[in-house]
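Down below is the structure, laid out as structure tokens.
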Amino acid sequence: MTTAANIRLEPLNLEQTLGCGQTFRWRQLRDGSWQGPLKDQLVTLRSDGPHLQIVSSPGTPDIGRVVSELLRAEDDIRAIQSSLSRRDHILAKGMKGLSGLRIVKMDEWECLLSFTLATYANIPRIARMIDTLALSYGSRIQGGAYSFPTLTRLRKASVGDLRRCGLGYRAGYVHEIGERLTADELERMKELSYAELRKELIALPGIGEKVADCVSLFGFGRLEAFPIDVWMERALKRLYKVQGTYKRLSAFAHEKFGPYAGYAQEYMYYNERMRARGAACLFSKE
DNA sequence: GCCCAGGAGTGTG
DNA sequence: CACACTCATGGG
């Protein structure tokens, strides 16, 4: 038995938003809709112009509000793009076709662990590691999928157990994070400034500058965070002729893009990956 | 087979 | 500070 709800959310492109590597558990079905676990339910989303259809099992009150939080419905995309356009003409051109690409707001714990697993792995593999972890340590949810393992549940897994989930050397990091972190601390970290949050994340094993920025942006909703991976290094070098250490590139990005640097990053990241697949380049230096 | 991956930790110059 | 090396392994 399922229920459907409708909300207005625009602009929105589900493929750009859920399929670009911000979050790893959403899949596109054959009919084009997108399905993923959300708050202990398997939810299906279908975008139709300004309308977003939500199909889920009955149980969660106001599923529309939950989906609105995931897709950051409160973000004024036009205002954000306007702000970025005033700051940089290269980005002004490149982001025009990407207005439906929204930053997601993931659960903090799921985001933290997911991007810890994401070190030195490609996106299909990251998705596989998380799926295996959910199957092994998550709980069956409405719709037949498995929820992301809770901190408490994952704490009971040994390093060997985790390694058997295909985590490789990341198993040790996950185990130690489980021992060191508590739900209360995660709650407390929500109130920290970006600088303080970042520092505390980096203090955890397996989390460096890049992962801390991903978790700050996609988990804790800090839109000024600007994660820099190998794709972003290439994009920054190609478009802005800037290269060097993470600290240097990060300083450049924050000065250049300001409080919405996270959106700038996602536009550039998406474009750089599409470019590698031979798609037309939306950005140009002219 | 080969190369790469939404890197981080550690050691060295 | 910058750089080099290691870590394990699946995907393309």
**OP:** Starting from residues that are among the charged types (D, E, K, R) and either within 16 Å of DNA strand C (Cβ to nearest atom) or buried (at least 18 other Cβ atoms within 10 Å of the Cβ) (or both), keep the ones in the stretch A:225-239 and report whichever is farthest from A:Leu201 (Cα to Cα).
**Re:** A:Lys237
Original post:
Within the stretch A:182-201, is even one residue assigned to a loop (DSSP other than H, G, I, E, B), within 16 Å of DNA strand C (Cβ to nearest atom) and within 19 Å of A:Leu154 (Cα to Cα)?
Top reply: no
Subject >> Members of the stretch A:168-180 found to be surrounded by fewer than 18 Cβ atoms within 10 Å (Cβ to Cβ) and more than 10 Å from DNA strand C (Cβ to nearest atom), listed by number >> reply: A:Glu176, A:Glu179, A:Arg180
Original post:
Among the residues of the stretch A:164-222, how many are β-branched (Val, Ile, Thr) and over 17 Å from A:Ala118 (Cα atoms)?
Top reply: 1
Subject >> Number of positions in the stretch A:87-124 that are surrounded by 15 or more Cβ atoms within 10 Å (Cβ to Cβ), touching a residue at least 12 places away in the same chain (Cβ under 8 Å) and in a helix (DSSP H, G or I) >> reply: 17
Original post:
Pick from A:Leu42, A:Leu12, A:Leu84: which is in a strand (DSSP E or B) and in contact (Cβ under 8 Å) with a residue 24 or more places away in the chain?
Top reply: A:Leu42
Original post:
Which residue pairs have Cβ atoms under 6 Å apart, sit 6 or more places apart or on different chains, and have a first residue in the stretch A:151-167 that is surrounded by 15 or more Cβ atoms within 10 Å (Cβ to Cβ) and a second that is among the polar types (S, T, N, Q)?
Top reply: A:Cys165/A:Thr132; A:Cys165/A:Ser136; A:Gly166/A:Thr132
Subject >> Condition met for A:Lys210 (more than 9 Å from DNA strand B (Cβ to nearest atom), out of contact with any helix residue (DSSP H, G or I) (no Cβ under 6 Å at 6 or more places or on another chain) and closer than 19 Å to A:Met106 by Cβ) >> reply: no
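A short reminder: the numbers here are calculations on the coordinates, not readings from a lab. Since the model is a prediction, treat every value here as computed from it, not as a measurement. Using ideal geometry, Cβ is built from the backbone for each residue, glycine included, and neighbour counts are taken over all protein chains shown.
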